[in-house]
Amino acid sequence: MKKTIEKGYPYRDRAVLVIDLTKDEYSYATIDEKIGAQYHGGRALAYKLWVDYVDWDTLNKDCLYVGAPIIISLGAASDLGFDFATSSTLLTYSLESKSVVSYNFTSKNFALTLSALGFSALVIKGRARRLTCIEVLKDEIKIDICENFHNLNTRDIEKLLEKASSLISIGAAGEKAIDYASVNIDSKNVGRAGVGAIFGMKNLKCIALYNLKEDIRLPYYDKLVTEVKTYFENKKKINYLEYASKYGWAAIESFKYRCDPRLWGLGSDLTPNCNLDWLTALSLGANIGIYDYKKVEILEECCLSLGLDPFSVGIFLNWVLSAEEENIIDLKIDKNIELLDRYIIILEYLATSKSHFSVLNEGVNDLSIKFGFYENNFTSSNKELLPLDLRGLQAFSLAIALDDDTFVPWEMFGKLKKKNIVKALYTSQIYREICEILGLSWKNVLYLVNIDGKIKRKNNRFIKLLTKIFAIAEGYHISEEELINLGKRSFFVRRELEEMGKSEIIYSISNIPIYFLTNRFSNFGENTVSVGSLLDEYLSLIKSEKESL
């Protein structure tokens, strides 16, 4: 067994790679042991680096590229080569929501390659004068002009840089700073609220990482490694869409319905060749009236190639088609062609701002205001909603009212009593912070939390699991209470950063589309979102929790 270290930190000999696009130069910033032991990795480390590199004075639309850095930080255990811990955090500023936004993504290639190159995080500052490609090699950092990449889709970039071990890129939507632009990281769409647009505004087309030699850091505590691996190997595979239909939180056909047997065609044991992510299946499938997973996969590939966020795009498609039906707009696309083909054409026009789509490339809320058409305006805090029917998720609805998007597992796989809603949301937020610090995807462990992560801390097997992963990654043990406090500190730092970036802070049921507050009718009972009385209870709870830290 590897010798343990006392209060050590595995990244103490590593560095943050800082690239200044304006000056066309790079530098290394070391993470000392004290900072490392306080922030560890993932979300918490990303917040720390944002505070270090952001320029609040210039953080506005006209000079966003100067003030807002792009931060990408590895989870504390993401460099160990485990399949259960492969996530990193991307953090930057969103023009659409006018706030700091962070997104957790999973990529084993990215985590292991960046780690092998000697870095625990990337920081991108400034703005390049011309379209730029960054290449990170073992002994060299290249910041090159790549005008020949202009308007290429992300799949084209993958072919041109096929030798890269890991690749981050944007498509045409990102270059044109479309509100729906996302980032392609190792063939996965990452980021809502126009994260890809920030790359485009910085003239940053792609980041390629190269590592010719596999170099995986060794974990600590071999016995714990065996226990944790066994736990994840024995986990049950879950069909989320089955639970979405059973408990009435599936978004179906512009949120008109909440359950439908056709969801089985988008991902179940009956469709073994379907590998759709459940959120994508709802966004580009059920909520826009498609129940054939092969067609959804075509739309997903279209979004990935063009650099469009599938969740935002799903809401956009509902809005524009509804506006066209009411003669508010004319898409000038043949209405007699198949629906899938219409969707594809719309996405291509949107990503390239072709023709009249140059005035339709804004967020749905802005479009609703511009055209005075508010039907299907399913947005919150100027961001398009995820494809979940809020009427079936009261705790998640409370999160939306608070401008948060944390899933609460106990209501996704069962029934949650109203008296437990506030505590369940806050507990989920803390668990999420811990998971994403360590390198676990919160979305991927929801069912495990539902089984083993009680709302109350007593006999909490999920927290015990997280303390083991912490020890494996960091080389020393901490108590469950210390781990919980780590999550709390990270959570409150996130809230402070998000509030600092907003011109106005509104925590209210007004953040929830009125449709969910007033419309009782669907094919799943008669109820609406009812969390107004819980807002004060939640804000009181987190105030006391912060004071007790």
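Using a 1.4 Å probe, what is the accessible area per residue for region 257-396, in Å²?
Result: 38 Å² of accessible area for each residue.
Evaluate E = 1/(1 + (r/R0)^6) for E480 and S533, where r is the Cβ-Cβ distance and R0 equals 30 Å; express this FRET efficiency to the nearest 0.05.
0.40
Which whole-Hz ³J(HN,Hα) couplings does region 317-333 yield from phi under the Karplus relation 6.51 cos²θ - 1.76 cosθ + 1.60, θ = phi - 60°, glycine and proline marked x?
Result, ordered by residue: 4, 4, 5, 5, 5, 5, 5, 5, 4, 8, 6, 6, 9, 10, 6, 6, 10 Hz.
Report the far tail of the P(r) of region 305-366, meaning the percent of Cα-Cα pairs longer than 16 Å.
40 percent
Report, to one decimal in Å, the Kirkwood hydrodynamic radius for the chain based on all distinct Cα pairs.
When all Cα pairs of the chain are included, the Kirkwood radius is 23.8 Å.
Which percent of the accessible area of the chain is formed by carbon and sulfur heavy atoms (probe 1.4 angstrom)?
Carbon plus sulfur share of accessible area: 48 percent.
For region 35-149, what is the per residue volume of the convex hull drawn over the alpha-carbon atoms, in cubic angstrom?
That works out to 129 Å³ per residue.
When N counts the residues of region 431-536, how does its alpha-carbon radius of gyration compare numerically with 2.2 N^0.38 Å, as a ratio?
Against the empirical 2.2 N^0.38 Å value, I get 1.40 for region 431-536.
Report the dimensions of region 374-502 along its three principal axes from the alpha-carbon atoms, largest first, rounded to Å.
Computed over the Cα atoms, the extents are 54, 35, 24 Å.
Once amide H atoms are built 1.01 Å from N in the peptide plane, which residues 5 or more positions from Y93, or in another chain, come under 5 Å H to H?
Long-range HN contacts for Y93: V101.
Express in nm, to one decimal, how much length is gained between H150 and K34 on full extension, taking 0.36 nm for each residue of separation and deducting their alpha carbon distance.
Using 0.36 nm per residue and subtracting the Cα-Cα distance, I get 37.5 nm.
Spelling out what I want: for every residue of region 473-484, take phi, set θ = phi - 60°, compute 6.51 cos²θ - 1.76 cosθ + 1.60 (Karplus), and round to whole Hz; glycine and proline get x.
7, 9, x, 8, 8, 10, 7, 4, 5, 5, 5, 4
The values are calculated or read from the model by the stated rules, or taken from the named source; none is laboratory data. Quantities reported herein were computed from a predicted structural model and do not represent experimental measurements. Note that each Cβ is placed from the backbone with ideal geometry, even for glycine, and that neighbours are counted across all protein chains shown. In case anyone asks, the SASA skips ligands and DNA or RNA and just uses the protein heavy atoms, side chains included. Shrake-Rupley method; radii C 1.70, N 1.55, O 1.52, S 1.80 Å.
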